[in-house]
1. Tally up the residues in the stretch 211-237 that are buried (at least 20 other Cβ atoms within 10 Å of the Cβ) and assigned to a strand (DSSP E or B), please.
2. If you check every pair at least six apart or on different chains, which have Cβ atoms under 9 Å apart with a residue in the stretch 55-74 that is surrounded by 11 or more Cβ atoms within 10 Å (Cβ to Cβ) and assigned to a helix (DSSP H, G or I) first and a residue that is among the acidic types (Asp, Glu) and at pLDDT 85 or above second?
3. Within the stretch 21-50, how many residues turn out to be on the phi < 0 side of the Ramachandran plot and in contact with a Ser or Thr (Cβ under 8 Å, 6 or more places away or on another chain)?
4. Could you grab me the full set of residues in the stretch 89-135 that are of a type in the set (S, T, N, Q), in contact with a Ser or Thr (Cβ under 8 Å, 6 or more places away or on another chain) and not in a loop (DSSP other than H, G, I, E, B)?
5. Of the numbered conditions (1) over 30 Å from ARG199 (Cα atoms); (2) in contact (Cβ under 8 Å) with a residue 60 or more places away in the chain, SER321 satisfies every one except a single condition; which is it?
6. Step by step: first the residues of the stretch 126-176, then only those that are over 16 Å from CYS227 (Cβ atoms), of a type in the set (Gly, Ala, Ser) and surrounded by fewer than 19 Cβ atoms within 10 Å (Cβ to Cβ), then the one that is nearest to the chain's Cα centre (by Cα). Which residue is that?
7. Is it fair to say ASP295 is touching a residue at least 12 places away in the same chain (Cβ under 8 Å), among the acidic types (Asp, Glu) and assigned to a helix (DSSP H, G or I)?
8. Suppose the filter is among the acidic types (Asp, Glu), at pLDDT 95 or above and within 16 Å of VAL37 (Cβ to Cβ); does ASP110 pass it?
Amino acid sequence: MPIIVQKYGGTSVSTEEGRNIIVRNTKKALSEGQQVVLVVSAMGRMGAPYATDTLIHMYHQPHYEMNSQDLDLLMSCGETISAAYISNWLKGSGVKSRAINGQQAGIITDGVAGSATVKSVKSDKIKQLLEEGYVVVVTGFQGVSETGDVTTLGRGGSDTSAAILGEALGADAIEIYTDVDGVMTADPRRVNDARVLNRISYEEMHQMALDGAKVVDPKAVAIAKRCNRPLIIKNTFSEGDGTIIHGEFTPEPDRVVTAVAYKNNIIQVKCKVGNYDDRFEALLKGIELNKISIDLINFLEDEKIFTVDAVHQIDLLNLTSELALDTRIVEGCSKVTVIGHGIHGVPGVMKRVALALTKHRVSILQTSDSYTTISCLVKETQLTEAVQALHDEFGLND
């Protein structure tokens, strides 16, 4: 029998309306002859008693500590509660159901607390339960190390759980249910006329996710591409078709850009250091040792300019102070990125980006480009104007 994997986010499982929709969708899939695996996130968001952010906040009260085995154990509780509750909700609606955690599901990780990578999936238990007629409800966001420690998969980890189970089970499709109508051309909170994309390639979606689009985790997209399974983004609370993420890029006539994405909480770092100064090598080694990921990069002969997440500002300043480097930080920045395979080889795209922003008095602090993207660093106070300007320039509302 065909298998479908459906993942439901915290907003879907936390209300009676959402839980009834989960039941309805499950019964529909069963009536169509499918075996169903549900992957669930913790209920609600910050403030809700079982939300992951609430658990993290509670953990930090006596002593601040990140990425520990103890914290992973606590964070796994939110999904455990959701799985048991949704399974029982299904049973109350006449559906034969069983809840299992990441260890029972056979999700084996590398053991890195807070951001574990899945090494393998031993899916025998899930397959057995499916053959026995159960709907299997699996805790998202978690697995177990080879030494038996509970580990979590990082932000967006429930998407990754769904994708990795879809791959292991040979599912026909992986559906991600959330609170938006699908993948959109831009964040509708920033752009009034953003529209839902019916279809997008793995490559474009992966790049959008890396550049700030939070609708799906980039690891999940990479897994879906690896196993060539369609990844479908749907709104739990509407009847729309959503967005299908599948296949290679197919260009639309006269369209070079597919979407606009952005990231906030970025700082720009300017260090006065020459290429042949020993402190340049020490700076790069220090950045690596502190696990600081640098993004937009311009390495000039006597100055190094790059961006990092603002969370690393103190560590970075400590490092540059130790090296006695003249350093200037520009706070409150955002990276806005236009994405599309049509960018490559088309003259004038950077000109259009630059003129669209300057026409709206948006200052460009730094730029970068790749095969599928053009990114500009702007002040966060000008982000909405920047995203709207680029969305309009490339006709993404059509």
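1. The total comes to 4.
2. Going by the 9 Å Cβ cut-off, the qualifying pairs are TYR59/ASP70; GLN69/ASP149; ASP72/ASP149; LEU73/ASP149.
3. Filtering the stretch 21-50 down to residues on the phi < 0 side of the Ramachandran plot leaves 21-32, 34-43, 45-46, 48-50.
Keeping just the survivors that are in contact with a Ser or Thr (Cβ under 8 Å, 6 or more places away or on another chain) gives 21-23, 27, 36, 38-43, 45-46, 48, 50.
Total meeting the criteria: 15.
4. SER97, THR109, listed by residue number.
5. Condition not satisfied by SER321: (2).
6. GLY154
7. Numbers: touching a residue at least 12 places away in the same chain (Cβ under 8 Å): yes; among the acidic types (Asp, Glu): yes; assigned to a helix (DSSP H, G or I): no.
Answer is no for this residue.
8. Numbers: among the acidic types (Asp, Glu): yes; at pLDDT 95 or above: yes; within 16 Å of VAL37 (Cβ to Cβ): no.
Considered against the rule, which asks whether it is among the acidic types (Asp, Glu), at pLDDT 95 or above and within 16 Å of VAL37 (Cβ to Cβ), ASP110 comes out as no.
The values are calculated or read from the model by the stated rules, or taken from the named source; none is laboratory data. Because the structure is a prediction, the values reported are computed rather than measured. Glycine also receives a Cβ, built like all others from the backbone with ideal geometry; neighbour counts cover every protein chain displayed.
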